[in-house]
Amino acid sequence: MIEEIQALLESYFGWLRDNTSLRQVADWVEITTPYLDRHNDHVQIYARRENGSYVLTDDGFTLEDLQQSGCSLDSPKRQHMLRSTLNGFGVEANGDALEVHASPATFAIRKHNLVQAMLAVNDLFFLASPFIGNLFVEDVEQWLDLCEIRYTPKVKFAGKTGFDYIFHFVIPKSRRQPERLVQAINHPNKEAAKQFVLAYFDTREARPLQSRAYALLNDAEQSVSAEVSEAFRAYDVRPVPWSHRDEVREELAA
């Protein structure tokens, strides 16, 4: 099993290296990553040397894109969720720009954290419809509370690679069930599946051997494709369309 996971991680590193490109833009270096946002565009960040260290920024794209898409971040609850998400990755908001500062030794982890924060904010505020007031992760949290399922929200695990990942909910081990990780995926596509699977496998050594993972998938606007569901199952993550959530209610509550 260790050899299998190691091969997957090596494949991931190769994919990340081969699909990252650089371009000089005035004093900045534009870094185009292989990660995709909700528009299926590659996530881009910018880096510049400053006083012997580096500044990395999204140049305001993430928050400005949400505002232009009609997703207001003005409510206190959404502002709290934004701050909480950014704090989890050690990312700061400088106006609309998401930023981190890095030394040469911490450049890789800071760059990883900035990209993961951009993806997390993008997904956190990606509403199934512009007329729906609640965020999907809030819907999942309310359902867990309604079902009296105990959990710890927003738990950070360090992966074998040294990168940190945040999981939306962790349900502790009981006498009948092992530890369970539950991720609320608002926009279930192949990219979202890949991100969660990599996070799950990279952090497995930090958790109990029998730990299980569940991906709760928002199917309010469109059904979850068989390809996406199979991608989760292939790596021992149980895909659960939101419309079928009651099928896992008992095992999550146990």
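Read the figures in this text as sums done on the coordinates, not as results from a lab. As the structure is a computational prediction, the values presented were derived from the model and not from experiment. A quick note on method: Cβ atoms are made from the backbone with ideal geometry, for glycine too, and the neighbour counts reach across all protein chains shown.
Build a GNM of the chain with springs between Cα atoms under 10 Å apart, and of His42, His187, His168 the one that fluctuates most is His42. Of the three principal axes defined by the Cα atoms of the chain, the extents in descending order read 57, 47, 30 Å. With both residues required to sit in the chain, DSSP beta bridges show an antiparallel share near 75%. By the rule of a C-alpha distance below 24 Å, with chain neighbours fewer than 8 residues away ignored, the lysines paired with Lys160 are Lys111, Lys173, Lys190, Lys194. For segment 60-68, putting each phi into the Karplus relation 6.51 cos²θ - 1.76 cosθ + 1.60 with θ = phi - 60° gives couplings of x, 5, 4, 6, 5, 5, 5, 4, 5 Hz, in residue order, rounded to whole numbers and with x for Gly and Pro.
The separation of segment 174-226 from segment 25-103, counted between C-alpha centres, amounts to 25 Å. Rounded, prolate or oblate: which fits segment 136-253, taking a ≥ b ≥ c as square roots of the Cα gyration tensor eigenvalues, rounded meaning a/c under 1.5, else prolate when a/b beats b/c? Because a/c hits 1.5 or more and a/b fails to exceed b/c, segment 136-253 counts as oblate. By other beta-carbon atoms within 10 Å, ranking Glu141, Glu99, Glu64, Glu50 with the fewest at the front produces Glu50, Glu64, Glu141, Glu99. Checking the a/c ratio against 1.5 first, then a/b against b/c, what shape does the Cα gyration tensor give for segment 8-71? Taking the square roots of the gyration eigenvalues as a ≥ b ≥ c, segment 8-71 is oblate.
Ranked for footprinting exposure by Cβ neighbours inside 10 Å, fewest first, Trp28, Trp242, Trp15 give Trp15, Trp28, Trp242. Taking 7 Å steps out from each Cα toward its Cβ at Gln6 and Ala158 produces label points 2.1 nm apart. Springs join every pair of Cα atoms under 10 Å in this Gaussian network model of the chain, and among Asn218, Asn186, Asn40 the largest mean-square fluctuation is at Asn40. Dimensions of segment 2-124 based on its C-alpha atoms, expressed as ranges along the principal axes with the largest first, amount to 46, 38, 24 Å. Here Lys77 is the anchor, and the lysines within straight C-alpha reach of less than 26 Å, apart from those fewer than 8 places off in the same chain, are Lys154, Lys156. Helix 2-18 and the long axis of the chain differ in direction by around 40°, with both axes built from C-alpha atoms. Residues Met81, Met118, arranged from fewest to most other Cβ atoms within 10 angstrom of their Cβ, appear as Met81, Met118.
Each residue of segment 225-237 was assigned a 3J(HN,Hα) from its phi angle through the Karplus expression (A = 6.51, B = -1.76, C = 1.60, θ = phi - 60°), giving 5, 4, 4, 5, 4, 5, 4, 5, 4, 4, 10, 6, 9 Hz with x at Gly and Pro.
How big is the antiparallel share of DSSP beta bridges in segment 138-254, given as a percent to the nearest 5? Beta bridges within segment 138-254, antiparallel portion: roughly 45 percent. Over the chain, DSSP H runs of length four or greater, each weighted -39,500 (n - 2.57), average out per residue to a 222 nm ellipticity of -11500 deg cm²/dmol.
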